[in-house]
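Have a look at the structure below, then the notes.
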Amino acid sequence: MLEIGAGCGPATGRLLKLAPKVTSLEYDARSLGKLKAKHHDAAIAPLCGDAATLPFADASFSSAVAILVLHHLRSKELQDRAFEEVHRVLRPGGSFFAFEINDAWIHRVGHYKSTFTPVTPGSAFARLTRAGFSKISVDFRRGGFRLAARKAAEERSRDRALAVAGSAAT
């Protein structure tokens with residue numbers, strides 16, 4: 001599992017109960033240091049990195065999670081790039097989950113000295129579809145919303161079908 005924007009690790013231990021290994025990516029070196037100090041489990045791999053340029057090979061993960069992260073990216077373009085990058089590093093059939101806060105004055109005030117680029121729930125379907133995801137859902141919660149999306153498993157089937165069709169034509 002890829003945890004994007006792990007911060008100092010408040011969700012990392014819980015994610016490890018759901019997956020045998022968690023790769024926790026954090027942009028801020030200070031937060032990464034706290035994450036490493038808090039979690040000493042060999043099944044947790046903390047790394048410094050950026051959500052918009054993930055330092056992983058294609059199809060490296062079966063799932064990716066971004067909890068309260070996307071609104072910290074400096075622009076909608078970087079958010080879209082992050083969606084594309086998550087799609088790239090997921091295996092066919094892999095799942096992406098995110099939780100975001102609503103665009104409300106209280107959240108703008110709370111982010112007064114930090115980046116706040118809210119993701120609107122109404123834009124999520126089109127943006128995730130453009131990134132290549134399918135089976136997209138938006139689930140509203142008090143104060144925020146959850147996103148869930150899948151990378152199509154059919155990519156393997158399509159490639160196999162093309163190979164079979166190509167060999168049958170020769």
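Remarks
- Filter pass, L68 being within 24 Å of K17 (Cα to Cα) and more than 15 Å from the chain's Cα centre (by Cα): no
- Taken over region 15-30, the residue count meeting the criterion of being loosely packed, with under 11 Cβ neighbours inside 10 Å and either of a type outside the set (A, V, I, L, M, F, W, C) or over 21 Å from A52 (Cβ atoms) (or both) is 4.
- Looking at S31, S24, just one residue is free of Cβ contacts under 8 Å to residues at least 24 places away in the same chain, small (G, A, S) and within 24 Å of G144 (Cα to Cα), and that residue is S24.
No value in this document is a laboratory result; all are computed from the given coordinates. Given the structure is predicted, the values throughout are model-derived calculations rather than measurements. Cβ sites come from the backbone with ideal geometry, for glycine too, and all protein chains shown count toward neighbours.
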